[in-house]
Amino acid sequence: MAHRKVNVDQYADEDIFVDENQTAQGSTAVSAQTEADVDARAGEVRNYLSRGDTPAAVIKALENPPAGREVTAVKDKNTATVMSALAAARSTDILAIVKSLDSKQTDVLMKYIYRGMASPELYNAAVLLAWHEKTVEVAGLGSIVRVLTDRRTV
Amino acid sequence: MSSPEVYQLAIGTPITCHAFNKDRTQLAVSPNSNDVEIYQKGRTGQWELLHTLAKHDRMVTGIDWAPNTNRLVTCSQDRNAYVWDWDGKKWEPNLCLLRINRAATFVQWSPKEDKFAVASGARLISVCYFEQENNWWVSKHIKKPIRSTITSIAWHPDNMLLAAGSTDMKARVFSAYIKGVDSPRTYPLWGEKLPFNTLCGEFGSEGGGWVHSVGFSPSGDSVAWVSHDSTLSIAHGRDSVPVEVPTGGLPLVSMIWTSETSIVAVGHDCTPFLFALRGQQWEVIGKLDQGQKKAAASSSAFKMFQQMDSRAQQQNNEVELNTTHQNTITCVRAYAGSPDHVTKFSTSGVDGKLVIWDLLSSGMAGLSI
């Protein structure tokens, strides 16, 4: 199997593979500003939740998500914010909330649903499955396909 | 709704791509092998196999039939392209020197039929033209700034510009101006000075998703593409911001413009989708195959035991979809009408079927497109 480890690109006379993911379109830069934004958003979402306004909390939480490979800590923090909003919704309200979102927002929501399901030790998968069902009902399979292809991971 | 014409050309074999001749009496298909099959429409209305063109030695990935010169061009994973001339008795192959080191993936004649472009996995496009003095098809390469396999190409109606979709998530517009073949000209939307390989536009979607298919609108002012993120995107000129139309379905893999304001796209959902410009906005109008409810498969225990008894079947493995195509549709082409008013289109797919659809009577007639 030694040949499997050979980097064939080095024998090509063309230019070699360049990893563009760091500079991929839409990925968030590491900066104090990004972190401050995420913290501020977490506060606002908490405010909405304490007032019992879950729909506004969900919409706020899905705003301007940090994405990309570099900003893991910030992404984790933002995921926690989104999850707190999703967990607060009553199961009977989920469909109405999803229906009020536009297509960009449902795509972001779907990304966070999968992000949450990737850490079952942190987030309640039963809640996420309920959200997943309603989101597919509204946005179709296309929203799942876009989670798979999108390189701006959350 | 008049039902579409359905032909089961291959059984158990996908149809990779298909192309019709000018009067639609003959049909070339690649049955997912290294052969190209030419069919003729028989008296019974069925397609009868006329010739098998066996020259490639890997799978044929692209076929295009030039309507006026009646020439075929085919490309294959064996890295070659052949131009086939009909000499009255048989199809005569002429090799074209593509100079590529990866598979060829797609081929298309230019509108004037004096050039064709071959997409390939070698991160380049070979633009081929006939050199009189050498009596040979030669090629020029469009290389920059392509970073990955080209999956699809489309010619501008003016014979000079070329749109290309790539797995590096970008759709691009290039100049394919060949000295001695084309006369130089300019486009208000795509650029002024256009020597060969000029990049006249580079578009990507935010989400990413490799591009499966591209197409120029009948006027050549807009370029549209479908990508693996289940999205149709449309750009109008080199500096425009593309409009994105996300769909709720599985990815679309092939598309055509049916007028300046409407697009038909096909893909993994086994049914053609119609998109149209309504007011200022591009929208998914709907599925063109409404599907017929098949007799509901009963899954009762009684039925299961009955099947085990009568057909020695353990379980019912035959899944039948409600749609005409029973698997992914991989190719869509205009069949009748003019470029800016396509009335019929043909599709072929993994289920080995060729289907001819009437756009007007396909249940969407009431819509003003």
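No lab work stands behind these numbers, since they all come straight from the coordinates. Note that the structure is predicted; figures quoted are calculated from it, not measured. Positions of Cβ are backbone-derived with ideal geometry, glycine not excepted, and every protein chain shown enters the neighbour counts.
Which length gain, in nm to one decimal place, applies between A:THR72 and A:ARG90 when the Cα-Cα distance is subtracted from 0.36 nm times their residue separation? Working shown, then result.
Values: separation 18, 0.36 × 18 = 6.48 nm, distance 2.95 nm.
3.5 nm is the gain from fully extending A:THR72 to A:ARG90.
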Exercise for review: Collect residues whose amide H, placed 1.01 Å from N in the peptide plane, falls under 5 Å from the amide H of B:ARG71; neighbours closer than 5 in sequence don't count.
Suggested key: B:ALA66
Point to revise | Taking chain A and dividing mean pair separation by its residue count, relative contact order in percent (alpha carbons under 8 Å, at least six apart) | key: 24 percent
Check your understanding: Within the stretch B:89-108, what residues put their amide N at less than 13 Å from the label point 7 Å along the Cα-to-Cβ vector of A:VAL8?
Key -> B:101-103
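Normalised by the residues of the stretch B:5-358, what does the relative contact order come to in percent, with Cα pairs under 8 Å and at least six apart? Please list the in-between numbers first.
Numbers: 943 pairs, mean separation 42.3, N = 354.
Computed value for the stretch B:5-358: 12 percent relative contact order.
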Review point. Anyone know which of B:LEU27, B:LEU250, B:LEU321 comes out most mobile in the 10 Å Cα GNM of chain B?
Key: B:LEU321
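Could you size up the charge dipole of the protein assembly as shown around its Cα centre, putting +1 on the beta carbon of Lys and Arg and -1 on that of Asp and Glu, and report it in debye to the nearest 20? Could you put the intermediate results ahead of the total?
Details: 52 positive and 56 negative charges, 76 e Å.
My answer is approximately 360 debye.
Given axes a ≥ b ≥ c from the Cα gyration tensor, I'd like to know whether chain A is rounded (a/c under 1.5), prolate (a/b larger than b/c) or oblate. Let's see the in-between values first.
Details: a/c = 2.51, a/b = 1.80, b/c = 1.39.
Verdict is prolate for chain A.
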Point to revise | B:PHE174 long-range amide H proximity, modeled H, under 5 Å | key: B:LEU162, B:ALA163, B:ALA164, B:CYS200
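Assuming 0.36 nm per residue, please report the length gained on full extension of the stretch B:GLU320 to B:LEU360 beyond their Cα-Cα distance. Working shown, then result.
Details: separation 40, 0.36 × 40 = 14.40 nm, distance 2.66 nm.
Extending this stretch completely gives an extra 11.7 nm.
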Exercise for review: Rounded to whole Hz and in sequence order, give me ³J(HN,Hα) for the stretch B:190-200 from the Karplus expression 6.51 cos²θ - 1.76 cosθ + 1.60, θ = phi - 60°, writing x for Gly and Pro.
Suggested key: 10, x, 9, 8, 10, x, 3, 6, 5, 7, 9
Revision key, fill the gap. If unit charges are put on Cβ atoms (+1 for Lys and Arg, -1 for Asp and Glu) and the dipole of the protein assembly as shown is taken about its Cα centre, the option from A:ASN47, B:VAL214, B:ILE63 lying farthest towards the positive end turns out to be B:ILE63
Exercise for review: Round to a whole angstrom and tell me the spacing of the C-alpha centers of the stretch A:129-151 and the stretch B:231-270.
Suggested key: 20 Å
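By its C-alpha gyration tensor, with a ≥ b ≥ c as the square roots of the eigenvalues, how is the stretch A:109-149 shaped: rounded for a/c under 1.5, else prolate for a/b larger than b/c, else oblate? It would help to have the intermediate numbers written out before the result.
Values: a/c = 3.42, a/b = 1.49, b/c = 2.30.
Oblate.
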Point to revise | Nearest 10 degrees, 0 to 90: helix B:301-311 Cα axis against chain B principal axis | key: 80 degrees
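What order do you get for B:LYS170, B:LYS41, A:LYS5 when you list them from fewest to most C-beta neighbours inside 10 Å?
On the way: B:LYS170 22, B:LYS41 17, A:LYS5 6.
Listed from fewest to most nearby Cβ atoms, that is A:LYS5, B:LYS41, B:LYS170.
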Practice item. Enter the Cα centre distance for the pair the stretch B:61-138 and the stretch B:153-199, rounded to the nearest angstrom. Key: 18 Å
Study note, to complete from the structure: Of the listed links A:LYS75/A:LYS99; A:LYS75/A:LYS111; B:LYS115/B:LYS179, those spanning more than 22 angstrom between alpha carbons are A:LYS75/A:LYS99
Review point. What list of ³J(HN,Hα) couplings, whole Hz, do you get for the stretch B:103-114 from phi and the Karplus terms 6.51, -1.76, 1.60, once you set θ to phi - 60° and write x for glycine and proline?
Key: 4, 7, 10, 6, 9, 8, 6, 6, x, 7, 6, 9
Revision key, fill the gap. In whole Hz, the Karplus estimates of ³J(HN,Hα) for the stretch A:81-96 (6.51, -1.76, 1.60; θ = phi - 60°; x where Gly or Pro) are 4, 4, 4, 5, 5, 5, 5, 6, 6, 6, 4, 6, 8, 4, 4, 4
**Study point:** 14 Å cut-off, amide nitrogen to a point 7 angstrom out along A:GLU35 Cα→Cβ, residues in the stretch A:58-79
**Key:** A:71-78
Revision key, fill the gap. Of the candidates B:ILE234, B:HIS341, B:LEU124, the farthest towards the positive dipole end of the stretch B:5-358 (Lys/Arg Cβ +1, Asp/Glu Cβ -1, centred on the Cα centre) is B:LEU124
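Sequence gap at least 6, Cα distance under 8 Å: using those rules, report the relative contact order of the stretch A:75-152 to the nearest whole percent.
On the way: 50 pairs, mean separation 28.8, N = 78.
This gives 37 percent for the stretch A:75-152.
Can you tell me the dipole magnitude for the stretch A:30-149 around its Cα centre, using point charges on the Cβ only (Lys, Arg +1; Asp, Glu -1), in Debye to the nearest 20? If you can, show how the numbers build up before the last one.
Numbers: 14 positive and 14 negative charges, 24 e Å.
It works out to roughly 120 debye.
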Point to revise | In degrees, nearest ten, helix A:125-139 long axis to first principal axis of chain A (Cα) | key: 80 degrees
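Within the stretch A:78-152, which GluC sites (Glu not before Pro) sit in a loop by DSSP and count at most 11 neighbouring Cβ atoms inside 10 Å? Don't skip to the end; give the middle numbers.
Values: sites: A:GLU121, A:GLU133, A:GLU137; in loops: A:GLU121.
Those satisfying the criteria are A:GLU121.
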Review point. Under the rule of -39500 (n - 2.57) per DSSP H run of 4 or more residues, summed and divided by the residues of the protein assembly as shown, what mean residue ellipticity at 222 nm is obtained, to the nearest 500 deg cm²/dmol?
Key: -6000 deg cm²/dmol
Review point. Given +1 on the Cβ of Lys and Arg, -1 on the Cβ of Asp and Glu, and no further charges, what dipole in debye does the stretch B:5-358 carry about its Cα centre, rounded to the nearest 20?
Key: 440 debye
Check your understanding: Of B:SER139, B:THR149, B:ALA164, which is farthest on the positive side of the dipole of the stretch B:86-169, counting Cα position, with +1 on Lys and Arg Cβ, -1 on Asp and Glu Cβ, and the Cα centre as origin?
Key -> B:THR149
Point to revise | Sequence-distant residues sharing a close amide H with B:LEU232 (under 5 Å, placed H) | key: B:VAL245, B:THR247
